[in-house]
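Below is one structure, written out as structure tokens, with a few remarks after it.
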Amino acid sequence: MEFFKQFAVPNPTPTIYLSMVAIGLTLIAVLAGITYFKKWGYLWSEWLTTVDHKRIGIMYLISALLMLFRGGVDALMMRAQTSMPGNELLSAAEYNEIFTTHGVVMIFFMAMAFITALMNFVVPLQIGARDVAFPRLNALSFWLYFMGAMLFNLSFVIGGSPSSGWTSYFPLAGNELSPHIGTNYYMIALQIAGLGTLITGINFIVTIFKMRAPGMKLMKMPLFTWSALITNLLITFAFPVLTVALAMGTMDRLFGTHFFTMDNGGMAMLWANFFWVWGHPEVYILVLPAFGIYSEVISTFSKRNLYGYTSMVVSIVVISTLAFLVWVHHFFTMGQGALVNSIFSITTMAIAIPTGIKIFNWLFTMWKGKIQFTVPMLYSLGFIPIFTIGGVTGVMLGIASADYQYHNTMFLVAHFHLVIIPGVVFAMLAGMTYWWPKMFGFMLNERIGKWAFWNIAIGTCLAFFPMFISGLDGQARRMYTYSEVAGFGIWNLLSFFGALGLAMGFILIVFNVYYSARYASRDIGDDPWDARTLEWATRTPVPEYNFAVTPQVDSREPLWDSKYEGKTLFKEEIKDIHMPNNSGQPFIMTIFFFVAGFGLVFSMWPVVYVAAAGIAVLLFIRSFERDDGRHIHAEEVRETENNKRGDTR
Amino acid sequence: MRELFPANQVIGFVASLALTVIALLVYFLDMSFTVGMVVLLLTAFTQAGLQLVVFMHAGESPDSDSIYLNTYYGIFIALAIVFGSLLAMVWGY
């Protein structure tokens, strides 16, 4: 009995018990369903072992949407709790756990997964490749992310969630002030997921450098691919910092080291420093792919080539360098001197310049274009004003002396949500809607999509604009309740209505997926948006080898030129195609990671040893395995291509 | 004959051995902490650069430009992080 006590949730409420039952029942229902419909074989051979970048992308997408739901429910609970003064819906401890998991889930498991989903699906198609450079590593990346996310979500029902904020600052996150195991979940789950992200970073850099179609020079790459390249460069250079910081934090919590303690030579502030050395580039890791998506969408639906391609590329590169030079602005108030704050204040403001260049380039792309107000375009148009408001308030926060006033108030919360929601969520929804026909062979309903957009856009404004006011009035961030005389009530109530609008938008998106899957036409051709880049040059749904013949490129918009300038994309004959084999190893290995992580969280060492041995054995097997892939014969490719032609035309 | 003799590799090998010996001297000779650290840092980075260029063929492949660019970018970021952290946490605090 003593053994099981450690798994108990520290602040149990009826809701948590109900959730436990619900999660248990759902799990049983899913497993029973798969067994009943005899889908285990299909699941294993088509999804769990797949190394196909398109399927991995779709799995990322599904996970991201699930995590968006989870993080969104957290957000709704927070807004509901603060909607009225003195509300007692949640206790202080629950509120702490909820804002922590909201932040972690949204950043690490929703936003990161969403950008990786779109990069996975789109980048190899956009550069005319058959897959990523290391397909099996790609599968490993996904499963590491997935197991990290599942481990983190397990904290909700087993052992209790972390509660020291998504930034998990020490000394609050240390053993003394957070004695419960919740923060162990944070350290270990993020370590596992972060490993996956780092592998993705390396994988995509190699893919983009090495596997572009003949003729596609770096300066002929589509902008989404450019942004993906720079994003992955940032990942590769920024994530090791997080890895090290998490490892040090884990050692502090599990093995009694003193990296971030207050005594024995530890330096708690160093955690904040490391966290933001990673954390600021992370902001650009999230927003750069979004910029890439907007560039594609705006150019496609303005029926014009992108204005200022070169300056777009240069500004991405400049942002990627500046991204590493501004991190101190996250803790201007920690006590460093005026000189340090001034330096980082100036570098911070410098970022507004390349970002401004991009905004103007998009506006000039639309100038005199034939604008089509499709759903992806609406998100892109909504992004520009809302993101600008978020960005301008960011410049306000970047003024170090003024930041003493704004720091850790709701003003900050309003700022970063108004940057991240249009800068990431809008872009991901735009990208999802835009590439949906390529992924699934039918288009999402435009009418429902527009309803969803308006709910989300208005909901965002309504949810976060009031926070500027209540923040300036002094409402601190992460405050679980306030008294009536504070006068924050009305602003928080408005915020809550905004949150409901966002929830409604999400429900409409889910309904749209269901509705379109059921009723939308499958006869959409390969290029339903009349787009410009290579991903639309292949068939829909995309065959596993992507392109029957490698395309040959000599411009920035190869598909457009082949449609309207009469250039030929596919010049060669169909040949045998070399493809990678599926493998169950990544999935099995990450199960060991999951078990090892769980063991580490609860300091159950035998479990850790066994799981670590499992990982080592799999690494050993992989090292001595010979896998030369397989060939799809030209005959077979020709047959598939002919069948596709019959299907869609 | 000159084409057959791998002069670069031999010089590189001897140089890397020499660098190792110099680094080892920090342990065997009695020098101050500062001097020791300076010697270790210099030999370590020279050694890493030597290995990268001579034995990992950084300059010999067709995409040596992007390899060097990535390396410089990495060095820049490492320096920015180390000295920025020192600035924020120690010197400017």
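Just so you know, all these numbers are worked out from the coordinates, no wet-lab data involved. If you're wondering where the values come from, they're calculated on a predicted model, not measured in any experiment. Neighbour counts run over all protein chains shown; Cβ positions are idealised from the backbone, glycine included.
Here the relative contact order of chain B, from alpha carbon pairs under 8 Å that lie six or more residues apart, stands at 22 percent. In chain B, helical runs assigned H by DSSP with n ≥ 4 each contribute -39500 (n - 2.57); averaged across all residues and rounded to the nearest 500, the mean residue ellipticity at 222 nm is -23500 deg cm²/dmol. Working from the Cα coordinates of the protein assembly as shown, the gyration tensor eigenvalues give, after taking √(5λ), semi-axes of 38, 36, 29 Å in decreasing order.
Per-residue packing, averaged as other Cβ atoms within 10 Å, sorts the ranges A:484-494, A:199-209, A:142-152, A:171-181 into the order A:142-152, A:199-209, A:171-181, A:484-494, beginning with the highest.
Under a 5 Å amide H cut-off, with hydrogens placed 1.01 Å from N, A:Thr409 pairs with A:Arg477 among residues at least 5 apart or on other chains. What is the list of residues in region A:319-356 whose amide nitrogen lies under 11 Å from a point 7 angstrom out from the Cα of A:Ser401, following Cα to Cβ? Backbone N within reach: none found.
Annotation for region A:471-550 versus region A:574-649: alpha-carbon center distance of 31 Å.
For chain A, averaging the sequence separation of C-alpha pairs within contact (under 8 Å, six or more residues apart) and dividing by the residue count gives a relative contact order of 17 percent. Across region A:88-93, coupling constants 3J(HN,Hα) worked out from phi with the 6.51/-1.76/1.60 Karplus curve, θ = phi - 60°, read 10, 4, 10, 7, 4, 5 Hz, and Gly and Pro carry x. Residues in region A:480-486 carry Karplus couplings, in order, of 7, 7, 8, 8, 5, 5, 4 Hz; the curve used is 6.51 cos²θ - 1.76 cosθ + 1.60 with θ = phi - 60°, and Gly or Pro positions show x. Taking each of A:Lys358/A:Lys571; A:Lys210/A:Lys571; A:Lys368/A:Lys438; A:Lys217/A:Lys303 in turn, the alpha-carbon distance tops 25 angstrom for A:Lys358/A:Lys571; A:Lys368/A:Lys438.
When the trypsin sites (Lys or Arg not before Pro) in region A:546-585 are filtered for DSSP coil states and for at most 14 other beta-carbon atoms within 10 Å of their beta-carbon, the remaining sites are A:Lys571, A:Lys575. Taking 19 Å as the straight-line reach from the Cα of A:Lys220, the aspartates and glutamates in range (excluding those fewer than 8 positions away in the same chain) are A:Glu296, A:Glu535, A:Asp554, A:Glu557, A:Asp561, A:Glu565, B:Asp63, B:Asp65. Rounded, prolate or oblate: which fits chain B when a ≥ b ≥ c are the square roots of the eigenvalues of the alpha-carbon gyration tensor, with rounded for a/c under 1.5 and prolate only if a/b beats b/c? Oblate, because a/c is 1.5 or more while a/b does not exceed b/c.
What is the distance in Å between the Cα centroid of region A:363-388 and that of region A:196-234? Taking the Cα centre of each part, region A:363-388 and region A:196-234 sit 26 Å apart. Quick check: the distance between the Cα centres of region A:20-81 and region A:340-362, to the nearest angstrom? What the calculation gives is 39 Å, centre to centre. 3J(HN,Hα) couplings calculated from phi for region A:326-338 with the Karplus curve 6.51 cos²θ - 1.76 cosθ + 1.60 (θ = phi - 60°) are, in sequence order, 10, 4, 5, 5, 7, 9, 3, 8, 7, x, 6, x, 5 Hz; Gly and Pro show x. Ignoring everything except DSSP H segments at least 4 long, calculate the 222 nm mean residue ellipticity for chain A; use -39,500 (n - 2.57) per segment, divide by total residues, nearest 500. Helix contribution divided over all residues of chain A: -22000 deg cm²/dmol. Peptide B:73-85 has a mean shielding of 5, counted as Cβ atoms of other protein chains within 10 Å of each residue's Cβ.
Remark on A:Thr261: its backbone amide H falls under 5 Å from those of A:Gly266, A:Met267, a criterion applied only to residues 5 or more positions apart or on other chains, H modelled at 1.01 Å from N. The overall shape of region A:1-86 is oblate: from the C-alpha gyration tensor, with semi-axes ordered a ≥ b ≥ c, the ratio a/c is 1.5 or greater and a/b is no larger than b/c.
The chymotrypsin sites (Phe, Trp or Tyr not before Pro) of region A:1-66 meeting both criteria, a DSSP state outside H, G, I, E and B (loop) and at most 10 other C-beta atoms within 10 angstrom of the site's C-beta, are A:Phe37. The alpha carbon gyration tensor of region A:478-601 gives principal lengths a ≥ b ≥ c with a/c of 1.5 or higher and a/b no greater than b/c, which makes the shape oblate. Bridgeable lysines around A:Lys5 (alpha carbons under 27 Å apart, same-chain partners fewer than 8 residues away excluded) are absent.
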